[in-house]
Amino acid sequence: MRHTLKAIAVCTIFSFITNAIIADDALYGSNDNETRSERLKRAKQSFPQNAFLDIIMQTVAPNYTPKSPSDFFDILRDSYDLPNGLKSPLPEYDYVIVGAGSAGCVLASRLTEDPDVTVLVLEVGKPEMFFTDVPAMSAYFQSTEYSWPYYMEPQPGVCLGMINKRCYWPRGRAVGGTSVINYMIYTRGRPAEWDRIAAAGNYGWSYREVLEYYKKSERANLKEFQSSPYRGSTGEMNVEFINFKTPLIRAFLEAGRILGSPTVDYNAPEHLGFGYVQTTTRNGKRLSAAKAFLHPYKKRRNLHILPMATATKVLIDTTTNTAYGVQYVRNRLKNEVRARREIILSAGPMASPQLLMLSGIGPREQLSRHGIPLIKDLPVGRTLYDHITFPGIIFSLNTTGVSFMESRSGTVSKFLEWMQFGDNEVASPGGVEGIGYIKTPLSTEVEDIPDIELISIGGSLVSDGGPKSSKATRRGMRLSDDIFNAAFGSIDNTDTWSAFPMLLHPKSVGSLELKNNNPFSHPLLYGNYLTHPIDAATFVAAVRHVQALAATPPFQKFGAKIHPAQYPECRKFNFDSDEYWECAVRTLSATLHHQIATCRMGPVGDPLAVVDPELRVHGINRLRVVDSSIIPQTVSAHTHAPAVMIGEKAADMIRSSWRYK
């Protein structure tokens, strides 16, 4: 019966889902003083009322209070009921994991392989639902209750084209974490990057050692590459190519070869090059960390998963500096749970450091300022790296029908075809078709380490345009309508190609601080984007490389021509000058959601380290951090795959440390 209802619901509401999320867009411009009813009123004004709006808004819109307490979308969600008929969790477990994200899901799965070990996972978000499986809808869910709506603090000279001139930093708020809302791109980082991390005193983290954990999780379905010694074949996480391709990806790969970048498995260690995008999907459907590592094992009697539970404090015995429990809120009630062995924070690069500081672990002066008793003075949040991109290098084409366009592919028939076969445009992860790694002329690296990743899009920011379109990608970035229309309005909803350059190793370093001592407040996030001059110059060099790619015959066959975007801040510069491009980058500076190093890993004596190489918090017993916040240096990777690897490695370290106790 449940499956029948699911099929009926999916077919009925798909034609409404896009417009409902457009209504949600009215919510993201709200301020903290605006009431829920005021936000809802604005949302409804932006979209004509229909019978399904309340149902859809209940599940999709943040902070929406439905008229009915029932959740219609519950039939579309995964379920994680406590086993053994339990109505509430036990008072004590061997391990308590805070966060069911990319690392937390793996960790819970591996630890509960031992039937004598009990694990509780506390997750603030809900289980994922059917529509989160749709790769083409990734951008939508970055503006919903499945996302933490974090914003970078205002910074002069960057994010100028964003609403309120603030960059939006969404993070996953779901069982599955950010792997429920990301673009599913699978990348690992270069060997020399991991070897440098190990050489800094982080024993066990060399490329050779982390490679075994990458392989352990992976089930490669990559045609000619899947038999490679660098790929895994028996893991839970499927990695595959997207079957549907536009002619533009072939042009990208051929242009790369013309300019000296071979077509390769870009996750293999031998060569830098270009390749078809590798994604964590299965048969064209998103495979989140929860789908891969929790769902198949959720019936284990020793694995308890508690969604919609907000951890507010780690409980620490101050006489011994030993963590023994977690305080959390669920259904507006305060609860506590104890751990016989360890507390493990896997809440991600924003929430893990925030929870440490709320618990008395962090910079002395900051905790004192907020009235939090100090337990351990550590540099929590002092370091933050982020990968940023510039999505404004757009080429118009004189050939129609060769790129992704929502006006052509966003139909019910396409969706139903995807449900059956998983191999059309709907399976595309936000239009991403290829990845390329390059070293610009500004790179001083002697090792085989790129400074730019190029993300080839089978379209561009204008591909989601048109009178009835969602405009989900540009809205997901929080681009100002005025800036967007001035820059790209003349080519909206036309055939285009673009490549997003991602700055892999920024010299600019950000930070994270507590806003106050309220666990329900967001932390203060300082990106410090482009504060080092080499970062802006590297972006300009990347623009020149993309232009060189577009000038090759494979792209000229489609009449590729750079679009001269007009940005208000950049009118004083000649178009296509270096000064113009730096101004453009500062206007459309956007995150790719790869924040790291806020709970930085390092050996004893490292003044920036929060955890040791076994991920134990320095100076605190039985407390670890296991997520991407521990990565101490930038790596050439989207952070989902490294986070899964970290979860795998941490599970082995934890089991080893308790084997003989």
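Values as computed for the structure displayed
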read-out	value
Counted residues, the stretch 557-612 - those being touching a Pro at 6+ places or on another chain (Cβ under 9 Å) and among the charged types (D, E, K, R)	5
Test: residue in the stretch 388-408 that is of a type in the set (S, T, N, Q) and within 19 Å of the chain's Cα centre (by Cα)	yes
Sole residue being among the charged types (D, E, K, R) and over 29 Å from the mean Cα position of the chain (by Cα), chosen from Arg382, Arg338	Arg338
Which listed residue is out of contact with any Lys or Arg (no Cβ under 9 Å at 6 or more places or on another chain), of a type in the set (S, T, N, Q), buried (at least 18 other Cβ atoms within 10 Å of the Cβ) and touching a residue at least 40 places away in the same chain (Cβ under 8 Å), from Ser217, Ser179	Ser217
Of all residues making up the stretch 567-602, the number that are under 25 Å from Ile163 (Cβ atoms), touching a residue at least 40 places away in the same chain (Cβ under 8 Å) and of a type in the set (Lys, Arg)	1
Residues of the stretch 594-621 classified as in contact with a Phe, Trp or Tyr (Cβ under 7 Å, 6 or more places away or on another chain) and either in a strand (DSSP E or B) or surrounded by fewer than 23 Cβ atoms within 10 Å (Cβ to Cβ) (or both), total	2
Test set (1) touching a Leu at 6+ places or on another chain (Cβ under 7 Å); (2) within 16 Å of Ala108 (Cα to Cα); (3) not basic (Lys, Arg) - Ala339 fails condition number	(1)
Within the stretch 297-317, considering residues that are under 23 Å from the mean Cα position of the chain (by Cα) and not polar (S, T, N, Q), the one surrounded by the fewest Cβ atoms within 10 Å (Cβ to Cβ)	Met308
Any hit, the stretch 120-129, residues being outside any helix (DSSP H, G or I), modelled with pLDDT of 55 or more and more than 23 Å from the chain's Cα centre (by Cα)	yes
Wholly within the stretch 371-482, strands (runs of 3 or more DSSP E) carrying at least 1 residues that are outside the structural domain of Met137 (by TED's automatic domain parsing) and aromatic (Phe, Trp, Tyr)	394-396, 432-438
Members of the stretch 192-210 found to be touching a Phe, Trp or Tyr at 6+ places or on another chain (Cβ under 9 Å), over 17 Å from His640 (Cβ atoms) and crowded, with 19+ Cβ neighbours inside 10 Å, listed by number	Ile197, Trp205, Tyr207
Pair list, Cβ under 6 Å, 6 or more apart: the stretch 538-552 residue closer than 17 Å to Ala251 by Cα, other residue of a type outside the set (Gly, Ala, Ser) and assigned to a helix (DSSP H, G or I)	Thr552/Ile258
Scan of the stretch 442-459 for residues that are in contact with a Phe, Trp or Tyr (Cβ under 7 Å, 6 or more places away or on another chain) and either of a type outside the set (Asp, Glu) or surrounded by fewer than 17 Cβ atoms within 10 Å (Cβ to Cβ) (or both), ordered by number	Pro450, Ile455, Ser456, Ile457, Gly458, Gly459
Residues that are over 30 Å from Ser480 (Cα atoms) and of a type in the set (Gly, Ala, Ser), drawn from the stretch 177-212	Gly189, Ala192, Ala198, Ala199, Ala200, Gly201, Gly204, Ser206
Per-region count, the stretch 362-377, residues within 23 Å of Asp606 (Cβ to Cβ) and surrounded by 11 or more Cβ atoms within 10 Å (Cβ to Cβ)	9
Set Arg338, Arg301: member being touching a residue at least 60 places away in the same chain (Cβ under 8 Å), in contact with a strand residue (DSSP E or B) (Cβ under 8 Å, 6 or more places away or on another chain), assigned by TED's automatic domain parsing to the domain that holds Val124 and basic (Lys, Arg)	Arg338
Extreme residue, surrounded by the most Cβ atoms within 10 Å (Cβ to Cβ), among residues of the stretch 259-276 that are part of a loop (DSSP other than H, G, I, E, B) and over 25 Å from the mean Cα position of the chain (by Cα)	Ser261
Filter result for Asp74 (at pLDDT below 90 and either touching a Pro at 6+ places or on another chain (Cβ under 7 Å) or closer than 30 Å to Tyr529 by Cα (or both))	no
Qualifying residue in the stretch 280-297 (condition: under 19 Å from Arg340 (Cβ atoms), part of a strand (DSSP E or B) and of a type outside the set (Phe, Trp, Tyr))	no
Residues satisfying the stated conditions in the stretch 119-141, i.e. under 23 Å from Leu355 (Cα atoms) and of a type outside the set (A, V, I, L, M, F, W, C)	Glu123, Gly125, Lys126, Pro127
Per-region count, the stretch 616-630, residues more than 20 Å from Val117 (Cα to Cα), touching a residue at least 40 places away in the same chain (Cβ under 8 Å) and of a type in the set (A, V, I, L, M, F, W, C)	2
Any chance Phe539 is crowded, with 20+ Cβ neighbours inside 10 Å and more than 25 Å from the chain's Cα centre (by Cα)	no
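The values are calculated or read from the model by the stated rules, or taken from the named source; none is laboratory data. Keep in mind that what you see is a predicted model, and the values were worked out from it rather than measured. Neighbour counts run over all protein chains shown; Cβ positions are idealised from the backbone, glycine included.
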